[in-house]
1. Within the group THR61, THR99, THR110, which residue is over 23 Å from the mean Cα position of the chain (by Cα) and among the hydroxyl-bearing types (Ser, Thr, Tyr)?
2. How many residues, within segment 96-109, are open to solvent by less than 20 Å² (accessible area, probe 1.4 Å) and at pLDDT 95 or above?
3. When you check ILE289 against the structure, is it open to solvent by less than 70 Å² (accessible area, probe 1.4 Å) and at pLDDT 95 or above, yes or no?
4. Take segment 285-301 and flag every residue that is part of a loop (DSSP other than H, G, I, E, B), over 17 Å from ASP331 (Cβ atoms) and among the hydrophobic types (A, V, I, L, M, F, W, C).
5. Check segment 26-33 and report whether any residue there is open to solvent by 40 Å² or more (accessible area, probe 1.4 Å), among the hydrophobic types (A, V, I, L, M, F, W, C), touching a Lys or Arg at 6+ places or on another chain (Cβ under 6 Å) and farther than 20 Å from ASN321 by Cβ.
6. Looking at (1) small (Gly, Ala, Ser); (2) more than 15 Å from ASN327 (Cα to Cα); (3) touching a helix residue (DSSP H, G or I) at 6+ places or on another chain (Cβ under 9 Å), which one does GLY106 not meet, given that it meets all the others?
7. For segment 37-51, which residues satisfy the criterion of being modelled with pLDDT of 95 or more and out of contact with any Phe, Trp or Tyr (no Cβ under 8 Å at 6 or more places or on another chain)?
8. Give me the strands (runs of 3 or more DSSP E) completely within segment 145-257, filtered to those with at least 1 residues that are in contact (Cβ under 8 Å) with a residue 24 or more places away in the chain and open to solvent by 10 Å² or more (accessible area, probe 1.4 Å), ordered by residue number.
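The values are calculated or read from the model by the stated rules, or taken from the named source; none is laboratory data. Remember, it's a predicted structure, so these values are computed and weren't measured experimentally. All Cβ positions, glycine included, derive from the backbone under ideal geometry; neighbour counts span all protein chains shown. The protein model used for the area step is the full one, side chains on, heavy atoms only, and it has no ligands, DNA or RNA in it. Shrake-Rupley method; radii C 1.70, N 1.55, O 1.52, S 1.80 Å.
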Amino acid sequence: MTVAIGINGLGRIGRSLTRIVAAAPNPGVSIAAVNDIASTEKLAYGLRRDSIRGSFPGTVTARGEYLVVNDHAIRTYRHERPERIPWADHGVEVVIEATGRFRAGGTARTHITHGGARKVVISASADDPDAFLVIGANHASYDPALHDVVSPASCGVNALTVMAKVLLDRFGLRSVNTSVMLATQGWGRVQDSLIGASRDDPRLGRATGESIIPHNHVVGDLVRVALPEIGEMRYSYYCVPTPIGSLAELSGQTGRPVSVEEVNRAMAEAAAGPLRGILAYDPDPTVSIDVKNNPASCLFDPSGTQTTADGGVKVRGWFDNEWGFSNRLLDLARLIGELLPVPSGQVSWSVA
């Protein structure tokens, strides 16, 4: 089955989604339409040339109101409000809300009530979605009768959650502390700008290349929403001046004393088994750039594992904050689309 999706916002995440779909031999989704305030010509240029990802491995052109990617046509719109986008005209089943502006569940729901889409996935730690669903942790709790607007939380939450899932299942886990060092984001500023800063926090308007910036607005305890068994937790986030590649660290208490070897073996087995493609394992000494273009939610770094005699444990993993998260958004769109009660008609990518 191929799920017809629409993308609202062709920024860093939207372009990553498009690249992933275009490169996959059988992606399971087709992009029927996109919406962005930029012109189709600029959208085409943004896909062709990317300072982080490099040149597009294929062809991208603008043809009237269509973005043509590897000879497949995607209808483009330029509406500033989500309720004005006619998704139903193109058979869109699942909208990925990737602008970063419409995080509220009620606003995102207008893609359904006004635009005619059937489900919405918000590419952020949303406000009041119907459900938070983290692939590899609690995605099986998705209920198509109850969940119309969902969120996979954030890239950092996904990285932390898959490591927490392995520890919880194998050894038990409580008293969790987490820390995320997040690579430069699209909303970051090259120079200080105190007007229009993300989340209206003046620190998030400071020059990203000059400082480590605390980010107090990412809801790190969404790990606990996906894995409620771990109980209360503490968390911190920091934006750091690296272009790509972020770091997640998690510490806590296991149900019994464990060794470094036991923890690393559990992570390796999960990466090769039930969490294959979601958790990756690299025995080599790694740095942040090594995770670039890795599709996993987390690239586990066994050299960071520490344990104590009283059951203390600390682990770390890398994640490509754009690429890995975009792959999970597509996983979620496929899951939701495949469980729709009645499949809707598909839209051809070809244009006359």
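1. Working: THR99 fails: over 23 Å from the mean Cα position of the chain (by Cα); THR110 fails: over 23 Å from the mean Cα position of the chain (by Cα).
Selected residue: THR61, the only one of THR61, THR99, THR110 that is over 23 Å from the mean Cα position of the chain (by Cα) and among the hydroxyl-bearing types (Ser, Thr, Tyr).
2. Going through segment 96-109 one residue at a time, the tally reaches 4.
3. Numbers: open to solvent by less than 70 Å² (accessible area, probe 1.4 Å): no; at pLDDT 95 or above: yes.
When the stated conditions are applied, ILE289 does not pass them.
4. VAL287
5. No, there is no match, as no residue in segment 26-33 is open to solvent by 40 Å² or more (accessible area, probe 1.4 Å), among the hydrophobic types (A, V, I, L, M, F, W, C), touching a Lys or Arg at 6+ places or on another chain (Cβ under 6 Å) and farther than 20 Å from ASN321 by Cβ.
6. (3)
7. Result: ILE37, ALA38, SER39, GLU41, LYS42, LEU43, ALA44, TYR45, GLY46.
8. Filter on segment 145-257 gives 174-182, 233-239, 246-253.
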